[in-house]
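Beneath this line is the structure, given in structure tokens, with notes to follow.
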Amino acid sequence: MIAVFGITVFAANEYRFHAMDKESYLLIIIPVLLLIVFYISGRQIFEYDSDGEALNFKNRNVIPFLNKPLHDEFPKYKLIKYDVVSIFFFKRLYITVSSKNNGSTILKYQISYLSNKEVNDLKLSLNKVVKANKEKKDKTDDDRRIFA
């Protein structure tokens, strides 16, 4: 919206009003730079649902044509581990999921727009799932040793 407004004012100034000289190029440069930062910082909407037997992740952009929305849903028992990487004002969530074909798959989500409290809640929820999966795996390994 800001970029369209800047381009419109620039065009009106160049072809009709001539109110600004070289400063009129700032009307294009600043909105384009803001759009680039907006694009680089990633998808703005992150939805997570851990109710039931499946984990559901949705990551989409406010502006639909900038990035393709992501949607992943898988059973809780497939979650192996997760990692939250934070560099400056960029935050990414990496989730490792077990798969039949190549052992594991890494899913990547952009969570830059989540507050620290929301990130901590997400970590707490994922920790519960990972811990439950490890306990279940350890119990099945113990049962296999007993029957072997």
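The values are calculated or read from the model by the stated rules, or taken from the named source; none is laboratory data. What you see is a predicted model; the values in this text were computed from it and never measured. When we count neighbours, we look across all protein chains shown, and the Cβ atoms used for this are built from the backbone with ideal geometry, even at glycine. For the accessible areas, the whole protein counts, side chains as well, though only heavy atoms, and no ligand, DNA or RNA atoms are used. Shrake-Rupley method; radii C 1.70, N 1.55, O 1.52, S 1.80 Å.
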Counting only DSSP loop positions in the stretch 52-148, the trypsin sites (Lys or Arg not before Pro) whose Cβ has at most 12 other Cβ atoms within 10 Å are Lys100
Environment charge of Ala54, counting only residues whose C-beta is closer than 9 Å and scoring Lys/Arg +1, Asp/Glu -1:
-3
Quickly work out the Glu118-to-Lys137 label distance, labels modelled 7 Å from Cα along the C-beta direction, and quote it in nm with one decimal.
3.0
What nm distance separates the two modelled labels at Ile28 and Ile87, each placed 7 Å from Cα along Cα→Cβ?
3.2
Tell me the carbon and sulfur percent of the accessible area for the stretch 39-129, rounded to whole percent, probe radius 1.4 Å.
55
Residues whose modelled amide H sits under 5 Å from the amide H of Leu55, counting only those 5 or more places away in sequence or on another chain, are Phe74, Lys76
Charged-residue dipole, Cβ positions (Lys, Arg, Asp, Glu), the stretch 51-129 about Cα centre, Debye nearest 20:
180
